[in-house]
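J.: This is the structure I want to talk about, given as C-alpha cells.
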Amino acid sequence: MIRVGKKLAAALVLTSAFVTVFASGKKDAPAKKGSIKAFSYEKSGVITKSQADGSDSAVISVVATSDMHGRIYPWEYAIDASANGAGFAQTDSVVKQIKEKYNNTLLIDIGDSMQDNSAELFIDNDVHPMVQAMNFLNYDVWVPGNHEFNFGLDFLERNFLGFDGRVVCSNIKYADSGKFFVLPYQIYEIDGVRVAVIGSTAPHVTTWEASAPEHFQNLDFTNPIDSLKETVKSIEGQYDVLVAAVHISREGEYEEEGKSGAFQIAKAVPELDIILAGHEHATYCTKVNNTWVIEPGKYGSHVALATFNMKKENGKWKVADVKAENIPTKNAESSKAVLDKFKWVDKKSKENANQVIGKVTADFIPEGTDYITGADHVTTMPRAQIEDTALMDLINEVQMYYAKAEISTAALFNFDQTLKAGDFKRKDVAFIYKYDNTLMGVNITGKNLLAYMEWSVDYYQSIHDGDVTIAFNPNVRAYNYDMLSGINYEIDLRKPAGSRITNATINGKPVDPKATYKMAVNNYRMGTLISKGWVTLNDCYFDSYNEMPLSATVRDLIVKYTQENLKGKLTPKCDHNWKIIGLPASFNDSDTIAKIKSGEIVIPSSEDGRTPNASPVRK
C-alpha cells in the first residue's frame, strides 16, 4: 500500500490509433514509464484463438490463478524459506498439463499480483516482473485486484500497457466521462465457440486507499452486480459461454457490500456460466443458483479449472455441461523455464532479504507465539491478540516517534511473527510487518478515538461462563484488529460489541471525548478512519510519503529507527498498557487446556480457515 509516483495531472485520452494498436495485442515499442496518464476503451474486437473445425461438439477450458502477491518462485522472502505450492513456476507446470489435455484453454489471473513478497523492490521497472511473468506464460486476461492500486495510477497504467493480454474490469469508470477505465469484457472465439470474459473488482478501493486519493483519481468504482448486469445486457447474443472473473469475496467484507459478493452475483446474474473469484485467499468450489463459483486460494496454491462441454444445436453452440475443480500445485515440479527466466528476481529478492541491519539482544516473545502450546507456530490462539507483547510495542514505538504522536495503533499481520535473538535482517522486518504501508499522523477527537477502538475490538466474541478459550469474530479479519500504545485500556469481553473499552486513560487521565489527540496510523487504517467519518484528510498532520520519501514505509522506518535511534540493538520491552478482562473462572481450565495441547480437542476455525478461533472451547 506504499504510494509511489507523482500525483496525476488531468486525465488524457489515448488517440484512436493507439487504442487500435493496444486492442490488437501488438505494441511496436514498450510503454515508457509515466508516459500515459489515463486510458479508456469502449470495446475491443473478438479475438480468435482457434478456427472452427466444423464439428458439432467442442470442449473449452478456462484456467485461473488469483492473489499471486509477488510470487514467481516458490519462495517466501519474508522468512527466506521455500514455500511449496506457491508461485508461477509451479502453477505453470499444472497449466501446461491442462493445456496438453485441452487444446482450447483460456488463461486468466484474477488480481492482486504486484504486491507482497518483495514485489515492491521492482516498482520502478518499466514493466513489473509479475506482469513479465504473465506475458511469459501467455495469460489472456488480467483482472485488477484492489492491491494493484497500492502504488499509484502511473505505476498501474504502465503495467497495464506492458501486459500482452487484456486487462478487463467492468465496474471502474472515469468519473468525468463515464468511460471505462479498461475493457469491461473481452470475447474470444475458440473453435468457433464465443467465450466472453467479464471482469469486476472489489468496489472499496476508494476506502482502502482513502489516505491517497491520487491512487484512484477521477475513477468511480461501481456496484459489481449492477456493472455485470449492464455488461451482460450490452453483449447479449454475442457469446456462447459467459465467464465472470471477479476479485471479490464470497459474501463481501462489509455490511454494505454483503449484497455484492461472488455468491450474490451468482444469484443476481443467472446468465453467467461460471464465476471465477479471488480476493478472499480462500479455496472453494461450489454451486450457487446452479452456477459454479470457484476460487483457487492464494499465492498459487491451486489452479482453478472450468471445462465446458459444448454442443451445436440448430447451428448454435449450447453449454451441455460445466465442470469445475481446484487443482493443487504442491506436488507440481517447478517450471525450469520460469526459474531460468526470472532468476534475477529471485537473486535480488534474496540479497535484499538477507541484508543485516542490526542485532536482536533477546527473544521478543520468549513464551512462544501460541498462547496455549508455547510454540512459535500458532495452532490455537495467537498470543499477541490475547496480551500485549514487546513486538507490537516496538512497531508502535517506531510509529509514534516518527509521527510525533501521543498514541499509535498497529495490527498483527502474521500470527507467527516474532523476533529471535541474533542478526536482525531485512527479511525479519518483512516478517514482523507484512505490508508496504506508509505512516500517517492524524488528529482525532477522544470521542472518535473511543469509537474507533470499539470498532476494532469487535474482533472478539463475547465471553461466557464455561469458556476456556477466547473466540474471534469470523467476519472481522485479523488485520482489522488494532492494538494501541500510548493509551492504557481494558477490554471487557463480558460486554457486547460497542461497549467493551473500559478505563481508557492517557497520561493517567481519562480520555476526554472533546479533546484532540495525535495518533500514528498506517495509510490503510487511515482509509478506514476516513470512511467511518472519524477523521478527514484535513486532520492529517504527518505523511511519511511526503515528508520522508526515502523512508516512506513503516518497514523503512523500522530499519531507520533501529540503526539511528537504537544504534543497531533491538531489546524487547513491553509496557502491558492493555489487557482483556472479564475472563471467567473456566478460562485456561487445566484439564481442557491439556486436551487442546495434545490435540484431543481442536479449537474450531472459520469455514474459510482464516479465523483460527471461530467459536470458543467450553469446559
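J.: Residue by residue, what Karplus-based ³J(HN,Hα) values in Hz, rounded to whole numbers, does the stretch 538-552 have, using 6.51, -1.76 and 1.60 with θ = phi - 60° and x for Gly and Pro?
T.: Result, ordered by residue: 5, 7, 6, 10, 8, 9, 4, 5, 7, 8, 9, x, 7, 9, 7 Hz.
J.: Can you pull the percent of the chain's accessible area that's carbon plus sulfur, 1.4 Å probe, other chains left in place?
T.: Its accessible area is 48 percent carbon and sulfur atoms.
J.: Over the Cα atoms of the stretch 304-389, what radius of gyration and what Dmax do you get, in Å?
T.: 25.0, 77
J.: Taking the DSSP beta bridges in the chain as the whole, what percent of them are antiparallel, to the nearest 5?
T.: Taking every DSSP beta bridge with both residues in the chain, the antiparallel ones total about 65 percent.
J.: List the residues, sorted by chain then number, that are 5 or more residues from residue 424 or on another chain and whose placed amide H is less than 5 Å from its amide H.
T.: Distant-sequence amide H within range of residue 424: 357, 358, 359, 360.
J.: Given all pairs of different Cα atoms, what value in angstroms does the Kirkwood hydrodynamic radius of the chain take? Walk me through the intermediate numbers first.
T.: Values: mean 1/r = 0.0390 Å⁻¹.
About 25.6 Å, per the Kirkwood formula over Cα pairs.
J.: Got a sec to turn the phi values of the stretch 415-423 into Karplus ³J(HN,Hα) couplings, 6.51 cos²θ - 1.76 cosθ + 1.60 with θ = phi - 60°, whole Hz, x for Gly and Pro?
T.: Using θ = phi - 60°, the values come out as 4, 8, 5, 7, 10, 9, 4, x, 5 Hz.
J.: Go through 438-446, 337-345, 467-475 and give me the packing order, highest mean Cβ count within 10 Å leading.
T.: 438-446, 467-475, 337-345
J.: Taking amide H atoms as placed 1.01 Å from N in the peptide plane, list the residues 5 or more away in sequence, or in a different chain, whose amide H sits under 5 Å from that of residue 106.
T.: Excluding prolines and chain starts, which carry no amide H, the hits are 61, 62, 63.
J.: Between rounded, prolate and oblate, where does the stretch 117-206 land on the alpha carbon gyration tensor, with a ≥ b ≥ c its root eigenvalues, rounded for a/c under 1.5, else prolate if a/b exceeds b/c?
T.: oblate
J.: Got a sec? Which residues in the stretch 392-417 would a label at residue 509 touch, if it sits 7 Å along Cα→Cβ and we count backbone N under 15 Å?
T.: Counting only backbone N, you get 406-407.
J.: Something else now. Say each of residue 325 and residue 97 gets a label point 7 Å from the Cα, pointing the same way as Cα to Cβ; how far apart are those two points in nm?
T.: About 1.0 nm separates the two model spin labels.
J.: Hey, another quick one. Could you do me a favour and compute the accessible area per residue for the chain, 1.4 Å probe, result in Å²?
T.: With the other protein chains kept in place, the chain gives 39 Å² per residue.
J.: Additional query: Report, ordered by chain and residue number, the aspartates and glutamates lying within cross-link reach of residue 267, taken as a straight Cα distance under 16 Å and ignoring same-chain residues fewer than 8 apart.
T.: The qualifying aspartates and glutamates are 226, 230, 251, 257.
J.: Near the amide H of residue 201, under 5 Å away, which other amide H atoms are found, from residues 5 or more places off or on another chain, if H is placed in the peptide plane?
T.: Long-range HN contacts for residue 201: 170, 171, 247.
J.: For residue 565 and residue 135 in one chain, what is 0.36 nm times their gap in residues minus the Cα-Cα distance, to one decimal in nm?
T.: My answer for the length gained is 150.4 nm.
J.: Go through the stretch 206-279 and name the GluC sites (Glu not before Pro) that are in a DSSP coil and have 10 or fewer other Cβ atoms within 10 Å of their Cβ.
T.: Of the GluC sites (Glu not before Pro), the ones in loops of the stretch 206-279 whose Cβ has at most 10 other Cβ atoms within 10 Å are 236.
J.: Just order 275-281, 176-182, 351-357 by mean Cβ neighbour count inside 10 Å, highest at the front, would you? Each step should come with its number before you reach the end.
T.: Details: 275-281: 26.7, 176-182: 16.9, 351-357: 14.9.
Those peptides, ordered most packed to least, come out 275-281, 176-182, 351-357.
J.: Roughly how compact is the stretch 470-619, stated as its Cα Rg over 2.2 N^0.38 Å to two decimals?
T.: This ratio for the stretch 470-619 stands at 1.33.
J.: Ranking request for peptides 404-416, 136-148, 547-559: highest mean number of other beta-carbon atoms within 10 Å first, then the rest in descending order.
T.: The densest-packed peptide leads the list: 136-148, 404-416, 547-559.
J.: Starting from the Cα of residue 379, move 7 Å in the Cα-to-Cβ direction to define the label point; list residues of the stretch 596-619 whose amide nitrogen is under 14 Å from there.
T.: 596-604
J.: If you don't mind, there's one more thing I want to ask. Under a cut-off of 22 Å between alpha-carbon atoms, report the lysines in cross-link reach of residue 312, not counting same-chain residues fewer than 8 places apart.
T.: Of all the lysines, those that pass the test against residue 312 - Cα under 22 Å, at least 8 places apart if same chain - are 49, 101, 323.
J.: May I pose another question? Straight-line reach from residue 518: which lysines have a Cα under 19 Å away, not including same-chain ones fewer than 8 places off?
T.: 404, 447, 509, 532
J.: Continuing with this model, one more query. Normalised by the residues of the chain, what does the relative contact order come to in percent, with Cα pairs under 8 Å and at least six apart?
T.: 14
The values are calculated or read from the model by the stated rules, or taken from the named source; none is laboratory data. As the structure is a prediction and not an experimental result, all values here were calculated from the model. Counting neighbours? That spans all protein chains shown, and the Cβs are built from the backbone with ideal geometry, glycine included. Please note that ligands, DNA and RNA were not included when accessible areas were found on the heavy atoms of the full protein model with its side chains. Shrake-Rupley method; radii C 1.70, N 1.55, O 1.52, S 1.80 Å.
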